[in-house]
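Derivation of every value follows stated rules applied to the coordinates shown; laboratory data play no part. No experiment lies behind these values; they were computed from the predicted model shown. FYI the Cβ positions are ideal-geometry reconstructions off the backbone, even for glycines, and counts take in every protein chain you see.
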Amino acid sequence: MSIMSRALAFAGAAALLTSVAQAAELKVGYSLSQDSHYGVGATAFGEELEKLTDGKFTIKQYPANALGGEREMVEGAQIGTVDVVITSTGPVGNFVPETLITDIPFLFKGYEHAHAVLDGPIGQEILDKFPEHGLIALAWGENGFRNLTNSKRAVKTPADAEGLKIRTMENQVHMEAFKEFGILPTPMAFPELFTALQQGTVDGQENPIGVILSAKFSEVQEHLSLTNHVYSPALIILSPVVWDGLTDEEKDAFRQAAKTAAAAMRKKVRDDAENGVAVLKEQGMTVTEEVDRAAFEAELEPLMAKYAEQFGADRLDAIRNHDH
Ligand code: EAX
């Protein structure tokens, strides 16, 4: 063997060793049960990633807050103790303030509108901000339009909601908006929520139908109002520790797998929104379907000037007037 071919053989063996050494099982964490939209998304992500990387990357799922609440999991992704996080935007604004604009109530008019904005240049621009904050955002996923539940009374108008103590996500925009609704916002991490509802520490909470179902909130909440007051995006976040070790081709595979996951998630969110209310009724919840959404939206009027200043009136209009 010539020196050259020996060198090549050695390089080949070294490359093989490196790629074997890099074969990895990624830790994927999320806050809901495995049969939720996040679980469906995680499974789709894992299958697609494994296929696209010829089995080099597989996943292990950690559902139901096994790796901590959403804020803790995002912190974990920053330092590399968690590889992938499927999370609502709830606490993400504390890391990447650019996501907060998506948390404004009544901003998105429906699922198609939200998808068109987030899948277009506006959504991409926000995803592109993550690396500056020590995170990689692979794609927008979905949590769904949020609805109010509580243990006290049926809520149809802001007057009915007045004075209720409601858990909000650890999200500045949500807390401010809930104050305008006359509600006492109580920020709390999701893993503490079931017990807080059970013990009456808070009167209620708000979440998409799929979350209310999977977290079994019907066991601790009597009233559900179909307020659909805010769209709740989700994100598929990757640790930069993983990302920095990937080839360009692998990066594409991760992005593609995340897109597949997002599509699966969105489908499950829709199924739950359409079929889940009947299930919650069967489980004993009293459902207020005819909510005066215009009255809730009107309560936010005073905040809108502040949001226009904080996020830019042009940006808000670009979202509001986006085609879908
Ligand atoms: O991401 O904290 C929340 O209410 C979220 O919507 C939930 O954890 C799903």
Problem set entry | Of all DSSP beta bridges in the chain, antiparallel share, percent nearest 5 | 55 percent
Exercise. Over the Cα atoms of the chain, what Rg and Dmax result, in angstrom?
Worked result: 21.5, 86
Problem set entry | Electrostatic dipole magnitude of the chain [Cβ: Lys, Arg +1; Asp, Glu -1; Cα centre; debye, to 20] | 560 debye
Exercise. Using a Gaussian network for the chain with springs between C-alpha atoms less than 10 Å apart, which of these wobbles most: S214, S88, S31?
Worked result: S214
Exercise. What is the set of long-range amide H partners of L67 at a cut-off below 5 Å, with H atoms built 1.01 Å from backbone N?
Worked result: Y30
For this session: Give me D for region 220-324 in µm² s⁻¹, whole number, from Stokes-Einstein with Rh from the Kirkwood sum over alpha-carbon pairs, 25 °C and 0.890 mPa s.
Result: 136 µm²/s
Seminar exercise, completed: The relative contact order of the chain, taking Cα pairs under 8 Å that sit 6 or more residues apart, comes to a percentage of 26 percent
For this session: Take each complete run of DSSP H in the chain, measure how far its Cα atoms stretch along the helix's own axis, and keep only those covering 27 Å or more with mean Kyte-Doolittle hydropathy at least 0.0; list them.
Result: 3-22
For this session: Please list, or write none, the lysines whose alpha carbon is within less than 21 Å of the alpha carbon of K60, excluding same-chain residues fewer than 8 places away.
Result: K27, K51, K251, K259, K268
For this session: Once you have all Cα-Cα distances for region 58-137, histogram them in 5 Å bins from zero and send the whole-percent values.
Result: 3, 14, 23, 23, 16, 15, 6, 1
